[in-house]
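Below you'll find the structure, written out as structure tokens, and then a few comments.
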Amino acid sequence: MKKTIGIQIGPDSFIDEGIEKTLDIVQQRGAVNTLYLSTFSYDRGITGRGRPFPDHGVQESDEKTFHGGNYATPQAQFYTKTALKGEKLRAPDFGKLDIVAEVLPAAKKRGMKVICSIQDGFNYPADVPFMKDFAEVDLQGRKGGAMCFFQPDVREFWKAVATDLCSSYAIDGVLLFNERNGPLLNAVGVSHAQGIDSAKVTCFCEHHQKAAKEHGIDFARAKEGYRKLNQYVQNALSSKRPSDGYYVEFSRLLLAYPEIMAYNQLFDLGKHQVLREVYQSVKAVRKNLEVGFHIEHTNSFNPLYRASRSYEELATMADFLKVVVYNNCGGERYRNFILNICSTVFRDVPPAELMSINNHLLNYANEAPIDELPMAGLSPDYVVRETQRAKAGVNGKCQILPGIDVNIPTGAKSRKASPDDTYAATLAAFKGGADGVILSRKYSEMMLANLDAAGRAARDAEKL
């Protein structure tokens with residue numbers, strides 16, 4: 001089977017550089033045969049222009065003008081079962097431009113697949129009509145920045161977006177992004193990309209309350225447990241050490257309130273319910289359409305997150321999984337995760353010692369010490385091992401397409417991707433048994449020399 005060589009690319013790149021020119025570049029230099037076209041997104045992670053600028057495209061940030069939304073043309077008949085009406089969510093960034101209608105014919109002439117990327121974001125613009133009515137509710141009763149998975153209109157909405165795209169265009173499938181963690185994980189700071197604010201964990205809306213009852217979870221006890229957890233976290237952040245230490249107190253809290261863990265699992269159940277329904281809806285359009293899910297970087301660093309996700313289960317509702325193995329930015333991200341968790345549950349453990357233990361738990365080998373990690377990045381060996389783990393987990397039931405770090409922005413004192421890095425990471429994924437790769441995060445931040453390196457590695461991988 002032909003290996004997938006994909007690239008994540010936003011509509012801005014085609015507007016800035018022209019469709020034919022852009023396709024020439026990614027096909028000839030990157031050996032790309034599949035476009036993961038950012039079609040629905042309110043987040044600048046997979047679309048938009050920002051610093052540092054690469055050596056192509058417009059050298060001006062769109063941070064002040066970016067809005068986001070649906071860059072295709074929503075068809076009203078697909079949104080009849082939800083109060084979230086697709087026609088109200090057209091992205092205004094490029095007027096009436098329909099990026100799928102423009103790019104698809106040109107890509108097909110070249111034999112390239114087009115997969116539409118759909119992203120469930122965190123913070124939607126203030127003028128987006130659905131935010132107020134369908135947002136999550138935090139521990140204090142305040143509206144959050146994302147939509148609730150158990151809100152019936154929200155579930156129908158994501159099905160509608162995917163079904164609309166797959167029915168209205170001759171695309172090859174969809175890739176769904178969702179990087180949201182459950183309340184327990186968020187409360188104790190288990191991500192690399194968050195501050196710790198345990199009072200803002202979600203969701204405690206009426207729909208979550210109903211779902212809790214249906215699954216035998218005492219909602220009042222769960223909420224009380226999260227209030228206790230919030231106090232625990234605030235004490236930890238203030239260095240108010242429990243007499244038995246931070247880890248023992250955390251464990252005691254979970255034993256006293258098993259609803260804490262159960263409620264976190266409920267969040268995951270809601271998330272996976274959306275994934276499964278999107279998969280079923282797309283397959284109902286055409287069985288040969290591909291459905292994939294983005295598996296966020298937290299999956300690499302956090303044993304508790306790993307325990308809450310099963311590759312075997314995910315493989316039952318996906319044709320491919322884009323597993324993030326971003327090695328260059330992975331150094332600073334892994335360090336941030338360790339520092340986060342050392343601020344709460346493992347506050348009694350020196351960060352360097354915890355990282356050493358965590359390396360063993362994660363099956364990492366020969367990674368740099370914590371103080372050197374941001375500049376060193378993670379190794380190609382990390383890419384191999386994570387790819388192998390994913391392949392073993394799905395057991396042949398779906399494809400594994402690792403996401404490769406090509407110039408993902410990092411801090412001033414962190415590693416910057418080089419062509420050698422890009423080549424080594426791309427080849428490492430194939431050595432780990434990958435069915436292909438997805439060059440990430442987006443073409444609009446990739447240096448052309450690195451794109452060349454990825455293409456060279458993809459071609460060399462054919463000889464393996």
Residues of region 1-49 satisfying the condition of being assigned to a loop (DSSP other than H, G, I, E, B), out of contact with any strand residue (DSSP E or B) (no Cβ under 7 Å at 6 or more places or on another chain) and open to solvent by 20 Å² or more (accessible area, probe 1.4 Å): M1, K2, G18, R44, R49
If you go through region 378-397 one residue at a time, do you hit one that is free of Cβ contacts under 8 Å to residues at least 24 places away in the same chain and in a loop (DSSP other than H, G, I, E, B)? yes
Filtering region 125-148 down to residues that are over 17 Å from G182 (Cα atoms) and either assigned to a helix (DSSP H, G or I) or open to solvent by less than 20 Å² (accessible area, probe 1.4 Å) (or both) yields V128, F130, M131, K132, D133, F134
Unique match (being surrounded by fewer than 22 Cβ atoms within 10 Å (Cβ to Cβ) and among the aliphatic types (A, V, I, L, M)) among I171, I196: I196
All but one of (1) touching a helix residue (DSSP H, G or I) at 6+ places or on another chain (Cβ under 7 Å); (2) closer than 25 Å to E17 by Cα; (3) open to solvent by 60 Å² or more (accessible area, probe 1.4 Å); (4) of a type outside the set (G, A, S) hold for K416; which doesn't? (1)
Of everything in region 436-464 that's open to solvent by 20 Å² or more (accessible area, probe 1.4 Å) and touching a Phe, Trp or Tyr at 6+ places or on another chain (Cβ under 7 Å), which residue is farthest from D319 (Cα to Cα)? R456
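Considering only region 261-296, state which residues are of a type in the set (S, T, N, Q), surrounded by fewer than 20 Cβ atoms within 10 Å (Cβ to Cβ) and closer than 21 Å to F78 by Cβ.
Q273, Q280, N288
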Going residue by residue through region 42-52, is there one that turns out to be under 20 Å from G455 (Cβ atoms) and under 25 Å from the mean Cα position of the chain (by Cα)? no
Which count do you get for residues in region 323-354 that are surrounded by 23 or more Cβ atoms within 10 Å (Cβ to Cβ) and without any contact (Cβ under 8 Å) to a residue 24 or more places away in the chain? 0
Of residues in region 215-253 being among the aliphatic types (A, V, I, L, M) and open to solvent by 40 Å² or more (accessible area, probe 1.4 Å), the one farthest from I341 (Cα to Cα): A220
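Answer yes or no: is there a residue in region 310-328 that is of a type in the set (K, R) and either closer than 30 Å to Y382 by Cα or touching a Ser or Thr at 6+ places or on another chain (Cβ under 7 Å) (or both).
yes
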Just one of the numbered conditions (1) modelled with pLDDT of 95 or more; (2) crowded, with 20+ Cβ neighbours inside 10 Å is not true of P369; which one? (2)
Residue, nearest to S379 (Cα to Cα), within region 391-413, restricted to residues that are surrounded by 19 or more Cβ atoms within 10 Å (Cβ to Cβ) and among the small types (G, A, S): G403
One residue is enough: does region 304-322 have a residue meeting the conditions within 19 Å of the chain's Cα centre (by Cα), open to solvent by less than 40 Å² (accessible area, probe 1.4 Å) and either over 25 Å from E386 (Cα atoms) or among the acidic types (D, E) (or both)? no
Within region 82-96, is there a residue that is surrounded by 21 or more Cβ atoms within 10 Å (Cβ to Cβ), within 30 Å of A135 (Cβ to Cβ) and not hydrophobic (A, V, I, L, M, F, W, C)? yes
Is it the case, given these coordinates, that T202 is of a type in the set (S, T, Y), crowded, with 18+ Cβ neighbours inside 10 Å, touching a Leu at 6+ places or on another chain (Cβ under 9 Å) and touching a residue at least 24 places away in the same chain (Cβ under 8 Å)? yes
Within region 176-245, considering only helices (runs of 4 or more DSSP H) that don't extend past its boundaries, which have at least 3 residues that are in contact with a Pro (Cβ under 9 Å, 6 or more places away or on another chain)? 219-237
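The values are calculated or read from the model by the stated rules, or taken from the named source; none is laboratory data. Keep in mind that what you see is a predicted model, and the values were worked out from it rather than measured. Note that each Cβ is placed from the backbone with ideal geometry, even for glycine, and that neighbours are counted across all protein chains shown. SASA here: full protein model, heavy atoms, side chains in, ligands and nucleic acids out. Shrake-Rupley method; radii C 1.70, N 1.55, O 1.52, S 1.80 Å.
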